[in-house]
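The values are calculated or read from the model by the stated rules, or taken from the named source; none is laboratory data. These numbers were taken from a predicted model, which means no experiment stands behind them. A quick note on method: Cβ atoms are made from the backbone with ideal geometry, for glycine too, and the neighbour counts reach across all protein chains shown. When the accessible area is computed, the model is the full protein with side chains, heavy atoms only, and any ligands, DNA or RNA have been set aside. Shrake-Rupley method; radii C 1.70, N 1.55, O 1.52, S 1.80 Å.
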Amino acid sequence: MALSVAVVGATGAVGEIMRQVLAERALPLSAIKFLASERSAGKSLTFKGKSYKVELIRPEAFESVDIVLSSTPALVSREISPVAARAGAIVIDNSSAWRMDPEVPLVVPEVNADALQRIPKGIVANPNCSTIQMVVALKPLHDLAGIKRVVVATYQASSGKGATGLFELDAQVGALGRGEPVPAAKAHAAQLAGNVLPHDWKAGEEGYTEEEWKMIRETRKIMGDETILVSPTTARVPVRIGHSEAINLEFHNPISVDQARAALRAAPGIVLLDDVGGKVPLPLDLVGRDEVFVGRIRRDVTVPHGLNLWVVADNLRKGAATNAVQIAEVLVHRNWLPRR
């Protein structure tokens, strides 16, 4: 089927990558439009060599649209996504607004694509970037030996804060290099250049940040297992693009390093770079890639059934835009879009 697609938040950091991913992949597009707030409406952008004028986000813009790829703040999504759904579109939303709604599937196609068979509100939630790459790596190992507990430390890129985060990091690094005063932090909680920020998100319950609670709750929902224990510590590091994660896993059943490697090598969406020829996943090497890269697989010598992993992915692509477009592809290829 030929699709009419609207990209909402088209001029933002993730919206720009969504346009790139759509241009690269094979969704059968009959029409496409790009929507944004008043600040960006009226601007021109190029898609597949053709110029488009950015339209204002408004109810009329969703008429005859099949799929909406949305990347807006949660407050905007709570208002706009139901409007688009009532107009007959399936909304694939990148904000945090709908992720824990029991009537909204939270989907990573390599893990739980079947959840897309039921979309009661016409909205599908794209998970948090750090959760997406982690569960892609966890799924084949959980199927093999049953995950009991996850302890994860993240090393998250500045671009997780959007374009403003990137601009701020670049300005700070430049100032340091020139020996000039470093511009004050606005996008981040403190100076990021030459620093690590474990508090770059809003505070949540019990001393955990909101980002950490997202990883806990979203992992259980996506994996379909509320018994999985997740203990996260998230941190922002002075990297432009690419989130890295040190993951410690405890399993219910025995699992060897060789078994883990074989399962990961065979799993969809994963590239195994496990110290072969000295290669390990590095964010600088993986910008622009859609896969999740896994390496440094080691036995945890402190528990009977444990492993350590190093997991890296492009947070703007697989952590956001690519995952959203992959959801759209599943809906189309499995003929799960509602008939108009």
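Filtering the range 39-57 to residues that are more than 26 Å from the chain's Cα centre (by Cα) and open to solvent by 90 Å² or more (accessible area, probe 1.4 Å) leaves Lys43, Lys50, Lys53.
Candidates in the range 237-262 are the residues that are assigned to a helix (DSSP H, G or I) and open to solvent by 20 Å² or more (accessible area, probe 1.4 Å); of these, the one that is nearest to Ser130 (Cα to Cα) is Arg261. Residue count for the range 263-286, restricted to those that are assigned to a loop (DSSP other than H, G, I, E, B) and under 16 Å from Lys318 (Cα atoms): 5.
So that you can scan it fast, the table gives a plain yes or no per residue for (1) modelled with pLDDT under 95; (2) in a loop (DSSP other than H, G, I, E, B):
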position	(1), (2)
Ala10	yes, yes
Val14	yes, no
Leu35	no, no
Glu79	no, no
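Within the range 305-318, at least one residue is in a helix (DSSP H, G or I) and modelled with pLDDT of 95 or more.
Flag: Gly146 does not match the condition of being open to solvent by less than 40 Å² (accessible area, probe 1.4 Å) and under 18 Å from the mean Cα position of the chain (by Cα).
Which one is nearest to Ser159 (Cα to Cα), of the residues in the range 301-313 that are crowded, with 24+ Cβ neighbours inside 10 Å and in contact with a His (Cβ under 8 Å, 6 or more places away or on another chain)? Among residues in the range 301-313 that are crowded, with 24+ Cβ neighbours inside 10 Å and in contact with a His (Cβ under 8 Å, 6 or more places away or on another chain), the one nearest to Ser159 (Cα to Cα) is Ala313.
Residues of the range 87-130 that are within 25 Å of Lys202 (Cα to Cα), in a loop (DSSP other than H, G, I, E, B) and not hydrophobic (A, V, I, L, M, F, W, C): Asn94, Ser95, Ser96, Arg99, Asp101, Pro102, Pro105, Asn126, Pro127, Asn128. Among the criteria (1) closer than 30 Å to Leu337 by Cα; (2) modelled with pLDDT under 95, the one Gly162 does not fulfil is (1). Among residues that are more than 19 Å from Leu69 (Cβ to Cβ), in contact with a Leu (Cβ under 8 Å, 6 or more places away or on another chain) and open to solvent by 20 Å² or more (accessible area, probe 1.4 Å), Arg118 is not included.
Annotation note: of Ala324, Ala267, the sole residue that is out of contact with any Lys or Arg (no Cβ under 8 Å at 6 or more places or on another chain) and either surrounded by fewer than 19 Cβ atoms within 10 Å (Cβ to Cβ) or in contact (Cβ under 8 Å) with a residue 60 or more places away in the chain (or both) is Ala324. Counting the residues of the range 274-288 that are touching a Lys or Arg at 6+ places or on another chain (Cβ under 7 Å) and surrounded by 19 or more Cβ atoms within 10 Å (Cβ to Cβ) gives 1.
Quick grid of which residues meet (1) buried (at least 24 other Cβ atoms within 10 Å of the Cβ); (2) free of Cβ contacts under 8 Å to residues at least 24 places away in the same chain; (3) basic (Lys, Arg):
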{"site": "Glu60", "(1), (2), (3)": "no, yes, no"}
{"site": "Ser77", "(1), (2), (3)": "yes, yes, no"}
{"site": "Arg86", "(1), (2), (3)": "no, no, yes"}
{"site": "Ala89", "(1), (2), (3)": "yes, no, no"}
{"site": "Pro102", "(1), (2), (3)": "no, yes, no"}
{"site": "Val108", "(1), (2), (3)": "yes, no, no"}
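Within the span defined as the range 166-178, every residue fails to be assigned to a loop (DSSP other than H, G, I, E, B) and within 30 Å of Val68 (Cα to Cα).
Listed conditions (1) under 27 Å from Asn248 (Cα atoms); (2) open to solvent by 60 Å² or more (accessible area, probe 1.4 Å); (3) not aliphatic (A, V, I, L, M) are all met by Thr131, apart from (2).
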